[in-house]
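Asker: Please find one structure pasted underneath; my questions will follow.
The values are calculated or read from the model by the stated rules, or taken from the named source; none is laboratory data. The shown structure was predicted, so the numbers you read here are calculated from the model rather than taken from an experiment. Neighbour counts run over all protein chains shown; Cβ positions are idealised from the backbone, glycine included.
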Amino acid sequence: MTITVEQGSATVTTHFINGEWTDAESPTFAVTNPFNGEVVAEAAAGGRREAEAAVAAAAAAYPAWAALAPGERQRLFLKAADIVDRRHEELVELMAVEGGASRAFSSFQIRLSSAMLRQAAGWGYLPAGDVIRSDIPGRTATVTRKPLGVVAGFTPWNGAFYLAWRTFLLPLAFGNTTVIKPSELAPMSAGLVHAEILEEAGFPAGTFNVVTHAPGEAAAISDVFFESPAVRCINFTGSDKTARILGAQAGRALKRMVLELGGFNPVILLDDADIDESIKAVTFGAFLHQGQVCMNSRKIYVDRSIHDEFVAGLTARVKSLKIGDPRDPEVIIGPLINERAVQQIDERVQDALNRGATLETGGHSDGLIYEPTILTHVPADAICTTGADETFGPLLVIEAFDDVETAFRAAQDTPYGLSASIMTRDRSRGLDLAERFDTGIVHINAPTMASEAALPVGGVKDSGWGRSGLYAIEDFTELRLTTVSSKPGRYPF
Ligand code: ADP
């Protein structure tokens, strides 16, 4: 199977289980282009039976994959990276029609993905453990890192292509096998296209399985993940609301979870910030992918002495962003994922305006496109400014401050703890604030969205736990203690 997406002639997709493209008599559901509503695919609507087959395939493939020589694994990962690069243009097209991603965003994801594949290719050669000194004469103790077994992953629709790699590639690189349940909103760019790439690269059957499902039918598949003894970890990327439901299930099943959830991601502009650089960084950080990424900035705190100049410059830059069909390479702002997303942002903008906020730009929608919107003078009780819940769209709140410490406390007053940025020419002032931020990530003089394949991205508090990159070794391996005694033991009885 090859996923090629032509407008007007929908692809029919199947599950990928045990190295086979199989629909297992599943009914199908429509995947639509959020820009124009056209059906881009009829995807297989799987459930319990397919999930059970996928988990069984991953469990059967596990021993051989875990034991595979590091050089063999490396060869497969490097080949997959080359395939990703070769398919660049097709992937851009797929992400545009299935998820509304601009070329800027899809190319960013593709580059990150092949970089991560190339880095992960070498991880099989990392030291496998340590030798520990024992107090018992004649005893040798070793600690070895072992894979967990089967890791089940929920992959999201937003940064679908990159975040799907992140969900299953890290477990695979450490010797686990995987089952993926892509978001029903983007089953191709959140999993099926990866199956094509890994199949072509020659990954053994069963190491990577994908089961797709219709809207509202996720639980039949995720129940199988929690019930199966072979599944040792659930790797979830999505909302904290769903994570709480799944976390309760994980508690009952005593399963390890890795969670990549939302964020509020404040930026603080100190009085010595480079204003032009800050305008560029904030435009990118707030509006990449129409504000539908967990690391997008939602609120900017600006020293009052530079507030007006910053707001004027930012507004002008944001107004210049081209809006429209993301298949046009010049377009930066495409559609939101669905009507619900448009409603949410619109309600929150209207709520703020009704309370007296100032609309600097935006505030209108056309179909699923919502104009990039900037609000200032937002009263503290408006939903979009409280930090209690992220508005997953192109809405940015800007607030002037007179005192950095007050602004810093306000920026911290959110249940989320993913990313934050500080813009300043004074490194030590930046580092002083950075050290105190209760987030998984802090950037000085860069946007809150500043991913690189090697950086350990992840959150604290309601943004989840677990890290990407090499540090994911903590999430996807266990330590095994082995002792060998060469002298008779001394026992108290
Ligand atoms: P988003 O709104 O970004 O899709 P969600 O947290 O709602 O984020 O969903 C993330 C993933 O979790 C999706 O793939 C969805 O299919 C799945 N999901 C949502 N609700 C449930 C549930 N009750 N049980 C299992 N999976 C769910």
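Asker: Sort out which residues of the range 54-72 are more than 14 Å from Phe203 (Cβ to Cβ) and either basic (Lys, Arg) or not in a helix (DSSP H, G or I) (or both), and write them in order of number.
Answerer: Listed by number, the list holds a single entry, Ala69.
Asker: Taking the range 170-212, which residues are within 23 Å of Ala67 (Cβ to Cβ) and hydroxyl-bearing (Ser, Thr, Tyr)?
Answerer: Across the range 170-212, the qualifying residues are Thr177, Thr178, Thr207.
Asker: Which residues, counting only those in the range 400-419, are under 29 Å from Pro156 (Cβ atoms), crowded, with 18+ Cβ neighbours inside 10 Å and of a type outside the set (A, V, I, L, M)?
Answerer: Across the range 400-419, the qualifying residues are Thr414, Tyr416, Gly417, Ser419.
Asker: Scan the range 456-482 for residues that are within 19 Å of Asp130 (Cβ to Cβ), free of Cβ contacts under 8 Å to residues at least 40 places away in the same chain and of a type outside the set (Phe, Trp, Tyr) and jot them down.
Answerer: Within the range 456-482, just Glu474 meets the criteria.
Asker: When you go through Asp130, Asp82 one by one, which is the residue that is closer than 18 Å to Glu474 by Cα and of a type outside the set (S, T, N, Q)?
Answerer: Asp130
Asker: Does the range 80-93 hold any residues that are under 20 Å from Phe203 (Cβ atoms) and part of a helix (DSSP H, G or I), and which are they?
Answerer: Correct list: Ala80, Ala81, Asp82, Ile83, Val84, Asp85, Arg86, Glu90, Leu91.
Asker: I'd like the full set of residues that are more than 10 Å from the ligand (Cβ to nearest atom) and either among the hydrophobic types (A, V, I, L, M, F, W, C) or in contact (Cβ under 8 Å) with a residue 60 or more places away in the chain (or both), limited to the range 241-255.
Answerer: Within the range 241-255, Ala248, Ala250, Ala253, Leu254 meet the criteria.
Asker: If I ask for residues that are buried (at least 22 other Cβ atoms within 10 Å of the Cβ), within 8 Å of the ligand (Cβ to nearest atom) and either among the β-branched types (Val, Ile, Thr) or free of Cβ contacts under 8 Å to residues at least 24 places away in the same chain (or both), which ones from the range 212-240 would you list?
Answerer: Ile221, Thr237
Asker: Further, regarding this structure: If I filter the range 134-170 down to residues being β-branched (Val, Ile, Thr) and crowded, with 24+ Cβ neighbours inside 10 Å, which single residue comes out as farthest from the ligand (Cβ to nearest atom)?
Answerer: Val150
Asker: Same structure, new question: Taking only pairs six or more apart or across chains, which ones have beta-carbon atoms under 8 Å, a first residue in the range 144-155 that is in contact (Cβ under 8 Å) with a residue 40 or more places away in the chain and under 17 Å from Gly191 (Cα atoms), and a second residue that is aromatic (Phe, Trp, Tyr) and away from the ligand (no atom under 16 Å from the Cβ)?
Answerer: From the range 144-155, the pairs are Val150/Tyr62; Val151/Phe476.
Asker: Ok, one more. Could you list, in sequence order, the residues of the range 8-52 that are charged (D, E, K, R) and surrounded by 21 or more Cβ atoms within 10 Å (Cβ to Cβ)?
Answerer: Matches in the range 8-52: Glu50 only.
Asker: Determine whether Ala286 is surrounded by 15 or more Cβ atoms within 10 Å (Cβ to Cβ), modelled with pLDDT of 95 or more and within 11 Å of the ligand (Cβ to nearest atom).
Answerer: On the way: surrounded by 15 or more Cβ atoms within 10 Å (Cβ to Cβ): yes; modelled with pLDDT of 95 or more: yes; within 11 Å of the ligand (Cβ to nearest atom): no.
Spelling it out, it is not the case that Ala286 is surrounded by 15 or more Cβ atoms within 10 Å (Cβ to Cβ), modelled with pLDDT of 95 or more and within 11 Å of the ligand (Cβ to nearest atom).
Asker: Could you please give the count of residues in the range 30-48 that are under 18 Å from Lys181 (Cα atoms) and in a loop (DSSP other than H, G, I, E, B)?
Answerer: Start the filter on the range 30-48 by keeping residues that are under 18 Å from Lys181 (Cα atoms), which leaves 30-31, 41-48.
Now drop any that are not in a loop (DSSP other than H, G, I, E, B), which leaves 45-47.
Looking only at that region, the number is 3.
Asker: Please work out which one of (1) under 17 Å from Val282 (Cα atoms); (2) touching a Leu at 6+ places or on another chain (Cβ under 7 Å) is the condition Arg348 fails and give its number.
Answerer: Condition not satisfied by Arg348: (1).
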